[in-house]
Amino acid sequence: MRAAARIAPSILAADFASLGEAVALIETEVDSLHVDVMDGHFVPNISLGPPVIASLRASTSLHLDCHLMITDPVRYLESLKSAGADGVTAHIEAVPSPDPFLREAERLGLTKGIALNPSTPVEAVTPYLDRVDLVLVMSVQPGFGGQSFIEGAVDKIAALRESIDSAALSADIQVDGGVDLRTVAAARSAGADILVAGTAIFGAADPVTAIGELRSTMDHGSTQ
Ligand code: DX5
Ligand code: ZN
């Protein structure tokens with residue numbers, strides 16, 4: 001039987017001026033934080049990098065799972081590791097031959113994942129499923145929080161679930177973008193293990209309650 005699904009809050013939706021407080025609030029509710037690193041080149045937005053990760057590291061023991069929406073991820077792995085990152089996920093569109101990325105992440109002792117954009121077919125990542133800790137299915141175009149879930153992600157999650165299970169592999173499936181009370185159950189029942197949510201958590205009046213509602217909705221299909 002698979003491990004219970006996990007919720008990973010995306011700090012992109014938090015108030016960066018009080019990031020420490022936002023993280024402290026949800027720290028006991030989850031195991032990991034989703035940290036979106038954007039370079040203004042791979043995606044048309046700039047978010048944060050190693051200095052902010054170092055500040056987070058100093059204020060939390062949560063697993064810092066860094067989603068690298070950057071053009072040349074290998075170049076930054078060492079500084080991300082030094083800043084305190086625990087895991088890194090690179091986009092297959094940025095590293096079409098991901099061997100150097102996977103090897104460098106391994107050398108540094110980082111958990112590693114490969115992400116795919118909504119328009120990228122699952123076949124682009126299936127050759128690497130036996131070498132990653134997670135595969136990240138983007139359910140929005142990467143670059144911005146607060147977008148609507150692209151339904152096509154559900155079939156991709158299901159296809160990856162089938163590939164991972166039929167080969168008895170252990171890679172987790174992470175889904176990211178537009179995950180909220182309306183979409184979380186479909187993503188979970190298709191086979192997602194890690195549900196990333198930004199706006200649905202940090203945009204809520206009470207992030208702790210929001211996490212609890214996401215958790216119960218993903219397992220039971222409603223908050224009732
Ligand atoms: C988008 C980011 C997501 C984003 C999700 O490029 O990768 O992690 O923060 O935000 P919501 O949950 O608001 O769609
Ligand atoms: Zn992300």
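The values are calculated or read from the model by the stated rules, or taken from the named source; none is laboratory data. All figures in this text were calculated on a predicted structure; none of them were measured in a lab. Positions of Cβ are backbone-derived with ideal geometry, glycine not excepted, and every protein chain shown enters the neighbour counts. In case anyone asks, the SASA skips ligands and DNA or RNA and just uses the protein heavy atoms, side chains included. Shrake-Rupley method; radii C 1.70, N 1.55, O 1.52, S 1.80 Å.
Can you name the residue in the stretch 189-206 that is of a type in the set (Gly, Ala, Ser) and assigned to a helix (DSSP H, G or I) and, of all such residues, is most open to solvent (accessible area, probe 1.4 Å)? Lay out the reasoning, then the answer.
Of the residues in the stretch 189-206, the ones of a type in the set (Gly, Ala, Ser) are 189-192, 197-198, 200, 203-205.
In the following step, the residues that additionally are assigned to a helix (DSSP H, G or I) were identified as 189-190, 200.
Numbers: Ser189: 99, Ala190: 17, Ala200: 29 Å².
Out of the qualifying residues, it is Ser189.
Looking at the stretch 28-45, is at least one residue part of a helix (DSSP H, G or I) and within 15 Å of ligand 1 (Cβ to nearest atom)?
Residues of the stretch 28-45 part of a helix (DSSP H, G or I): none.
Looking for residues that are part of a helix (DSSP H, G or I) and within 15 Å of ligand 1 (Cβ to nearest atom), one finds none in the stretch 28-45, hence no.
Assuming Gly198 fulfils every condition listed in (1) small (Gly, Ala, Ser); (2) at negative phi; (3) more than 14 Å from ligand 2 (Cβ to nearest atom) apart from one, which condition is it?
Against the list (1) small (Gly, Ala, Ser); (2) at negative phi; (3) more than 14 Å from ligand 2 (Cβ to nearest atom), Gly198 comes up short only on (3).
Of all residues being over 15 Å from Leu68 (Cα atoms) and touching a helix residue (DSSP H, G or I) at 6+ places or on another chain (Cβ under 7 Å) in the stretch 133-148, which is most open to solvent (accessible area, probe 1.4 Å)? Just the residue, please.
The qualifying residue most open to solvent (accessible area, probe 1.4 Å) is Gly146.
Somewhere in the stretch 111-123, is a residue among the small types (Gly, Ala, Ser) and either within 15 Å of the chain's Cα centre (by Cα) or within 30 Å of Ala58 (Cβ to Cβ) (or both)?
yes
Could you tell me whether the stretch 108-124 includes any residue that is in contact with a helix residue (DSSP H, G or I) (Cβ under 7 Å, 6 or more places away or on another chain) and either open to solvent by 50 Å² or more (accessible area, probe 1.4 Å) or in contact (Cβ under 8 Å) with a residue 60 or more places away in the chain (or both)?
no
Just to be sure I understand the filter: pairs with C-beta atoms under 7 Å, separated by 6 or more residues or on different chains, first member in the stretch 6-22 and within 14 Å of ligand 2 (Cβ to nearest atom), second member aromatic (Phe, Trp, Tyr). Which pairs pass?
Pro9/Phe202; Ala13/Phe202; Ala14/Phe202
(1) closer than 20 Å to Pro118 by Cβ; (2) in contact (Cβ under 8 Å) with a residue 60 or more places away in the chain; (3) open to solvent by less than 70 Å² (accessible area, probe 1.4 Å): which one isn't true of Thr183, the others all being true?
(2)
Select from the stretch 1-26 the residues that are outside any helix (DSSP H, G or I) and among the acidic types (Asp, Glu) and list them in ascending order.
Within the stretch 1-26, just Asp15 meets the criteria.
Among the numbered criteria (1) outside any loop (DSSP other than H, G, I, E, B); (2) more than 15 Å from ligand 1 (Cβ to nearest atom); (3) open to solvent by less than 20 Å² (accessible area, probe 1.4 Å), which one does Pro100 miss?
Every condition holds for Pro100 apart from (3).
In this structure, does Ser61 turn out to be over 17 Å from Gly145 (Cα atoms), open to solvent by 10 Å² or more (accessible area, probe 1.4 Å), in contact with a His (Cβ under 9 Å, 6 or more places away or on another chain) and more than 11 Å from ligand 2 (Cβ to nearest atom)?
On the way: over 17 Å from Gly145 (Cα atoms): yes; open to solvent by 10 Å² or more (accessible area, probe 1.4 Å): yes; in contact with a His (Cβ under 9 Å, 6 or more places away or on another chain): no; more than 11 Å from ligand 2 (Cβ to nearest atom): yes.
No, not satisfied.
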